[in-house]
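What follows is one structure encoded as structure tokens, with my remarks underneath.
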There are 2 protein chains.
Amino acid sequence: MSTTGKQIFTTLEADGTLTVEVAESAFLQPKGSQVLVRMEAAPINPSDLALLFSAADLENAEYSPGKIVAKMPEPFLSGSKGRHGQRMPVGNEGAGTVIEAGENPAAQALIGQRVACVPGSAFSQYAIAEAAMCLPLGDVSSEDGASAFVNPMTALGFVETARMEGHTAIVHSAAASNLGQMLNKICQEDGIDLVNIVRKQEQVDILKGIGAKHIVNSSDDDYMHQLRTAIDTTDAYFGFDPIGGGKTVDTIFKAMEQVAVSKMSEFSRYGSDQQKKMYIYGRLDLGPTILTPSYGFGFTLSGWLLTPFLQKAGMETVVRMRKRVLDNLTTTFASSYKSKVTLEQMLEKEAALDYRGMRTGEKYLVTP
Amino acid sequence: MSTTGKQIFTTLEADGTLTVEVAESAFLQPKGSQVLVRMEAAPINPSDLALLFSAADLENAEYSPGKIVAKMPEPFLSGSKGRHGQRMPVGNEGAGTVIEAGENPAAQALIGQRVACVPGSAFSQYAIAEAAMCLPLGDVSSEDGASAFVNPMTALGFVETARMEGHTAIVHSAAASNLGQMLNKICQEDGIDLVNIVRKQEQVDILKGIGAKHIVNSSDDDYMHQLRTAIDTTDAYFGFDPIGGGKTVDTIFKAMEQVAVSKMSEFSRYGSDQQKKMYIYGRLDLGPTILTPSYGFGFTLSGWLLTPFLQKAGMETVVRMRKRVLDNLTTTFASSYKSKVTLEQMLEKEAALDYRGMRTGEKYLVTP
């Protein structure tokens with residue numbers, strides 16, 4: 001017995017043709033600890049876009065109902081050799097109602113409940129998910145619960161990482177995002193100083209509105225001065241950047257080093273002894289990361305991803321983080337959306353170009 | 001009472017004028033655990049050049065006997081604000097005879113002995129050094145002992161760092177340097193696999209001559225293939241790079257990731273789970289470091305410097321490392337030099353342009 005429904009697939013051929021389409025799929029009966037979820041809402045996160053479209057040319061793509069055919073430029077085509085020819089489901093997370101379950105009692109117990117889940121195939125009418133990763137939503141709506149995993153756990157993961165590495169202050173760029181707003185609330189609750197870097201006055205206003213103390217606007221003429229002052233005030237030599245490409249991280253390292261050097265009593269050719277650490281956790285800018293030789297050798301740049309972090313953090317920490325998310329889903333961890341689209345609407349040109357822009361406060365929600 | 005002698009100073013003014021000159025200095029009586037060393041030999045290491053000349057324009061400088069006046073370009077002028085107007089001695093390490101000592105018995109015991117030392121002012125006829133950092137040379141000549149610290153301790157430090165972080169293989173670029181040759185000998189002695197990246201056939205030959213197993217020539221057409229094969233054979237996902245600028249590290253990360261991905265059974269949009277780590281320990285290329293988005297988020301790039309490493313490693317490790325250096329100063333840790341120069345000759349145009357090139361096998365030794 002199987003359930004059929006519509007689902008989005010993305011396929012990149014070796015010749016550079018990317019096809020993203022809505023197709024009918026058969027969903028097998030869930031087994032063991034699996035559940036079958038009728039999906040009701042799924043956010044389009046930057047991490048989904050990396051798989052859905054990567055760097056494909058959506059401006060000049062062919063659009064037909066429920067289908068986009070686009071060209072993938074280099075080096076992204078060669079860079080994703082591993083997926084050439086594979087028809088892949090998309091959508092990290094979402095929420096819906098459990099309609100079938102495997103024989104495992106934990107899975108059975110979820111039947112009929114609305115849950116947040118992390119199927120990896122959430123842009124679909126149905127999805128198979130692991131019961132252990134499902135969060136029963138109770139009174140919270142599926143739309144409110146759709147983003148219960150990626151952003152909340154990432155924001156909490158940043159604070160956990162800071163603590164593990166002995167920091168009490170964090171620098172965050174692109175800081176007015178949904179994730180950035182959550183991070184502000186968490187840091188306020190936990191007494192961690194947060195330096196927010198944004199690039200527009202509206203974003204400054206958004207963050208002021210939720211009580212952020214240290215906000216730096218990279219479009220201001222005195223950006224470096226603002227950034228140094230914020231770092232000096234908070235002792236933030238540690239941070240997270242979702243932009244990846246360009247000089248965002250470089251500028252942050254520079255400001256950190258300038259603050260550290262200003263406190264040194266004598267010159268060292270090697271720079272300050274202050275260790276500076278930044279994590280890149282996204283690629284909003286697909287260009288190369290540029291690091292100039294202007295802050296000595298006391299820097300570390302590393303990638304940060306949620307799944308390896310959760311594995312490293314261990315079950316006890318993960319359970320504690322999930323409980324905190326569930327308890328505060330409509331407050332600290334609330335998400336907001338610009339538009340709701342069906343699976344077909346998601347593949348229309350205007351919508352695709354719009355949500356692919358990943359602009360602050362313009363997230364889309366898929367309601368299949 | 002004081003001893004007078006000639007010494008090299010480097011001064012960078014805020015207007016961009018760099019003056020490097022030989023001047024008469026008075027050396028005060030050593031105190032406490034200090035000794036006064038009559039310097040007999042000091043190598044010109046890349047780390048000295050960073051302070052001596054930085055990025056100054058030596059081609060178009062004014063040369064007069066014992067003096068160079070050059071212009072410092074941006075961003076290096078602003079980047080070294082901390083030294084503007086300061087007249088600084090130069091020369092990390094060297095060897096010579098202890099002629100006076102402070103009242104401390106360990107210092108007194110060195111009087112009359114030839115020692116390797118790390119005064120930070122070794123380009124000089126005399127230098128004040130810390131007794132605890134002096135290595136009595138016994139029968140070893142001052143020329144053979146002049147490079148007993150920076151390169152040997154750095155090469156040993158790489159192997160110690162690898163062990164501390166759980167690695168049994170190392171990638172090293174610019175690998176035919178004095179330091180690179182030492183690293184080969186250490187790795188052979190310690191059973192660590194070393195992937196040597198060089199850019200010329202002569203360098204391949206040098207390393208073959210000392211028994212290196214994995215040598216990759218970046219000038220060959222199949223460089224990436226060679227590099228992947230060497231990484232695959234050795235499992236080297238960890239390494240050190242003295243070049244800093246450009247794409248050396250990027251290429252190494254790419255090759256590591258390609259090897260890791262080739263072993264994965266299914267595609268992941270986030271790349272492999274294989275953690276890849278590179279340390280930059282020099283700036284042979286003063287351009288920016290370029291990191292392309294082609295190896296996921298499982299990478300870490302960090303700076304590596306000897307002094308912070310030694311502090312972190314602790315006294316017991318440092319003592320063990322120093323003993324190994326002393327026991328093998330004319331074998332494993334032997335250095336060779338292209339030319340010997342006096343302090344005045346060091347500031348002649350032809351010499352300065354030559355050693356500033358930092359070419360493999362063309363190191364200079366200063367004999368004041």
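Only the coordinates and a few stated rules stand behind these numbers; no lab work does. If you're wondering where the values come from, they're calculated on a predicted model, not measured in any experiment. Cβ coordinates were reconstructed from backbone atoms using ideal geometry, including for glycine residues, and neighbour counts include every protein chain displayed.
Label point of A:Gly32 (7 Å along Cα→beta-carbon): distances to the other copies' equivalent points are 6.6 nm, sorted ascending.
Distances between equivalent label points of B:Ser265 across the copies, with each point positioned 7 Å along Cα→Cβ, amount to 6.1 nm, shortest listed first. Dividing the radius of gyration of the alpha carbons in chain B by their Kirkwood radius gives 0.99 for Rg/Rh.
The distance separating the Cα centre of segment A:312-368 from that of segment A:147-215 comes to 16 Å. Each Lys or Arg adds one and each Asp or Glu subtracts one; over the other residues with Cβ under 12 Å from the Cβ of A:Ser219, this totals -2.
Among the GluC sites (Glu not before Pro) within segment A:23-74, those in coil by DSSP and having at most 16 neighbouring Cβ atoms inside 10 Å are A:Glu59. In order along segment B:62-76, the phi-based Karplus estimate (6.51 cos²θ - 1.76 cosθ + 1.60, θ = phi - 60°) of 3J(HN,Hα) comes to 8, 10, 9, x, x, 7, 10, 10, 9, 9, 9, x, 7, x, 6 Hz; Gly and Pro are listed as x.
Placing +1 on the Cβ of every Lys and Arg and -1 on the Cβ of every Asp and Glu, with no other charges, gives segment A:216-323 a dipole of roughly 560 debye about its Cα centre. Net charge in the neighbourhood of A:Lys67 (other residues with Cβ under 12 Å of its Cβ; Lys, Arg +1, Asp, Glu -1) is -3. Assuming charge only on the beta carbon of Lys and Arg (+1) and of Asp and Glu (-1), the dipole of the protein assembly as shown about its Cα centre is about 660 debye to the nearest 20. For the pair segment A:13-35 / segment B:233-259, the C-alpha centres are spaced 35 Å from each other. Each copy carries a label point for B:Ala109 at 7 Å from Cα toward Cβ; from one copy, the others' points are 6.9 nm away, ordered from shortest. Put +1 on the Cβ of each Lys and Arg and -1 on the Cβ of each Asp and Glu in segment B:1-50; which of B:Thr17, B:Gln7, B:Met39 then has its Cα farthest toward the positive end of the dipole? So the residue we want is B:Met39. In terms of its Cα atoms, the protein assembly as shown spans 94, 53, 49 Å along the principal axes, sorted from long to short. When chain A is treated as a Gaussian network with alpha carbon springs shorter than 10 Å, the biggest mean-square fluctuation among A:Gly102, A:Gly82, A:Gly145 belongs to A:Gly82. Does segment A:275-327 classify as rounded, prolate or oblate by the C-alpha gyration tensor (a ≥ b ≥ c root eigenvalues; a/c under 1.5 gives rounded; else a/b over b/c gives prolate, otherwise oblate)? In terms of gyration-tensor shape, prolate. Across segment A:291-308, computed HN-Hα scalar couplings (Karplus, 6.51 cos²θ - 1.76 cosθ + 1.60, θ = phi - 60°) run 10, 8, x, 10, 8, x, 10, x, 10, 9, 10, 9, x, 10, 9, 4, 4, x Hz from first to last residue, x flagging Gly and Pro. Charge dipole (Cα centre; +1 on Lys/Arg Cβ, -1 on Asp/Glu Cβ; no other charges) of segment B:151-309 amounts to roughly 200 debye. Summarising the rotation from chain B to chain A, the nearest chain B beta-carbon to the axis and its distance in Å are given as B:Leu301, 2.
Restricting to Cα pairs below 8 Å that are 6+ residues apart, what does the relative contact order work out to for chain A? Please round to a whole percent. Relative contact order here is 18 percent. Coupling constants for segment A:212-228 follow from the phi torsions by the Karplus curve (6.51 cos²θ - 1.76 cosθ + 1.60, θ = phi - 60°), and in residue order they are 5, 9, 10, 10, 10, 9, 5, 8, 6, 4, 9, 3, 4, 5, 4, 5, 4 Hz; glycine and proline get x.
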